[in-house]
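As structure tokens, the structure follows; a few thoughts come after it.
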Amino acid sequence: MAKKTLLNEKEIHIILHRLACQLIENHQDFSDTILIGIQPRGIYLANRLVQLLQEEYGIKNIQMGKLDITFYRDDFRRRNEPLQASKTEINFVVDSKNVVFIDDVLFSGRSIRAALTAIQAFGRPNNIELLVLIDRRFSRHLPIQPDYLGRQVDVIKDEQVKVGWKENDKKDVVYIINSDKN
Amino acid sequence: MAKLSVTNLLGIKYLNKDDIDLIFKTADHFKQVINRPIKKVPSLRDLTIANLFFENSTRTRLSFELAEKRLSADIINFSAAQSSVKKGETLIDTVNNILSMKVDIVVMRHPHEGAADFLSKHVSAKIVNAGDGAHEHPTQALLDSYSIREKLGSVKGKKVVIIGDILHSRVALSNIYALQLQGAEIKLCGPTTLIPKHITKLGVSYENNLKKALQWCDVANVLRVQHERMDIKYFPSVREYTQLFGINKELLNEIDKDIVIMHPGPINRGVELTSDVADSKQSIILNQVENGVAIRMAVIYLLAEQIKRD
């Protein structure tokens, strides 16, 4: 199993700042904006961005929610291992708000499709954007593209992109893992 | 990873502690779902569920039906009163006829003990037992424990007294199994004629005096006197039953702590519970009903997960 570092801590740090600035460019004071981290791995990225926006760019009152998509997935009963649901925390109405979905890796686009269905249970947003740290290009099954992206990569199907966060995985790093048996 | 250890829900007897934990954890998510503006998820949109009620039921059937609809399953309902069962059709024939209509899960209530078990051996669909005679009523026991856990934080170490007609009660037996798996202490209380002869062999104790039983417990699960199942007189009169085993406010005031009052419904008001007790702050009877939908969603979802599609 070969492991290659795609992004190191410093690179991730720079990318997070850029993404935060791009969000500010489009959402100014975030008064009509809701950031939604996609469970489970999107939450780390969402928390980091909120922290950056508050501490470095002085934006107060950012609304952030967590969305679990387990019951909205289209591969229920098709997987070998059952999925464990995580908690959804959206304690506000998303009606007429600008929603930004936040996830670590965009691959087939199916999770985001599920998230688009799931968010409807909380109202009708004005618009929905997508922010991802890693965009796995050429691997989409659906016509879904990110509005904000950290880094675009071309990886083949056997390779896995793994994003690690300090708070959970000891350090900020993005690996490309080759599960090839060679 | 988390999977149920059983392929049908026939009774609590066949479950283990991990199964119960998984069902509760899944129910937590569904309880959230049913409190949203849009109360459903699309998980089961390609599955069909048959609710077969060979015995009358209102709340259990409604609760299952709602749970299935909240999971987006297609459902068909059947009740024995308007069916060919009356014309002499056997259980397997009735069910196989329904299964030919491509049904994936069967929820069944039946007046005979072991009916669900029997059916599971003869048909390929998943079976959920919604009550078989005086045997088991697993989803009721699960929602009872879930409600205790919600109210008191956990079931482990809690003292639960089950009061009333234990002899005719499937709720009692399922509750005994479920509470024991989770480490609760159980006492039964009721007229000796309504206590099954060897029930203490299950590791539960018996108390004839209601006040003593209430003083001992944290939770009182009060059962309904099932007049319709009584072929003979088990106690001299309803009035005497109420005097000895009915819970009223005065009795609760004499106890120095606030115990939790539960009832699987429907309540005979003025018989096993007075209205002021049933509607008091200590009563979690309506929470039980709400939790029933979440628990049944969890059970059906976890069983549906086992029906693989390629």
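Any idea which of B:Ile176, B:Ile148 is buried (at least 21 other Cβ atoms within 10 Å of the Cβ), in a helix (DSSP H, G or I), out of contact with any helix residue (DSSP H, G or I) (no Cβ under 7 Å at 6 or more places or on another chain) and assigned by TED's automatic domain parsing to the domain that holds B:Glu272?
Details: B:Ile176 fails: out of contact with any helix residue (DSSP H, G or I) (no Cβ under 7 Å at 6 or more places or on another chain).
Step by step, each of B:Ile176, B:Ile148 is checked, and only B:Ile148 is buried (at least 21 other Cβ atoms within 10 Å of the Cβ), in a helix (DSSP H, G or I), out of contact with any helix residue (DSSP H, G or I) (no Cβ under 7 Å at 6 or more places or on another chain) and assigned by TED's automatic domain parsing to the domain that holds B:Glu272.
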Across region B:91-114, the tally of residues that are without any contact (Cβ under 8 Å) to a residue 12 or more places away in the chain and part of a loop (DSSP other than H, G, I, E, B) stands at 1
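Only residues that are part of a loop (DSSP other than H, G, I, E, B) and among the small types (Gly, Ala, Ser): list them for region B:247-285, please.
We begin by selecting, within region B:247-285, every residue part of a loop (DSSP other than H, G, I, E, B); these are B:248, B:255-259, B:263-268, B:270-272, B:274, B:279-282, B:284.
Listed by number, the residues that qualify are B:Gly265, B:Gly270, B:Ser280.
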Those residues of region A:126-147 which are touching an Asp or Glu at 6+ places or on another chain (Cβ under 7 Å) and not charged (D, E, K, R) amount to A:Leu130, A:Leu131, A:Val132, A:Leu133, A:Ile134, A:Phe138, A:Pro146
Looking at the structure I just gave you, is B:Asp165 buried (at least 24 other Cβ atoms within 10 Å of the Cβ), outside the structural domain of B:Val299 (by TED's automatic domain parsing) and in a loop (DSSP other than H, G, I, E, B)?
yes
Tally of residues being touching a residue at least 12 places away in the same chain (Cβ under 8 Å) and either part of a loop (DSSP other than H, G, I, E, B) or within 14 Å of chain B (Cβ to nearest Cβ) (or both) across region A:41-98:
32
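Please pick out the residue among B:Leu223, B:Leu210, B:Leu143 that is more than 26 Å from B:Ile295 (Cβ to Cβ), surrounded by 16 or more Cβ atoms within 10 Å (Cβ to Cβ) and in contact (Cβ under 8 Å) with a residue 40 or more places away in the chain. Please lay out each step first, then the result.
Numbers: B:Leu223 fails: more than 26 Å from B:Ile295 (Cβ to Cβ); B:Leu143 fails: more than 26 Å from B:Ile295 (Cβ to Cβ).
Sole residue among the options that is more than 26 Å from B:Ile295 (Cβ to Cβ), surrounded by 16 or more Cβ atoms within 10 Å (Cβ to Cβ) and in contact (Cβ under 8 Å) with a residue 40 or more places away in the chain: B:Leu210.
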Name the single residue, out of those in region B:35-53 being farther than 22 Å from A:Asp75 by Cα and at pLDDT 90 or above, that is nearest to the other protein chains (Cβ to nearest Cβ).
B:Asn35
Considering region A:101-124, residues that are touching a Ser or Thr at 6+ places or on another chain (Cβ under 8 Å) and more than 13 Å from chain B (Cβ to nearest Cβ), and then whichever is surrounded by the most Cβ atoms within 10 Å (Cβ to Cβ), we arrive at A:Asp103
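The values are calculated or read from the model by the stated rules, or taken from the named source; none is laboratory data. Just so we're clear, the structure is a prediction, and the values are computed from it rather than from any experiment. Using ideal geometry, Cβ is built from the backbone for each residue, glycine included, and neighbour counts are taken over all protein chains shown.
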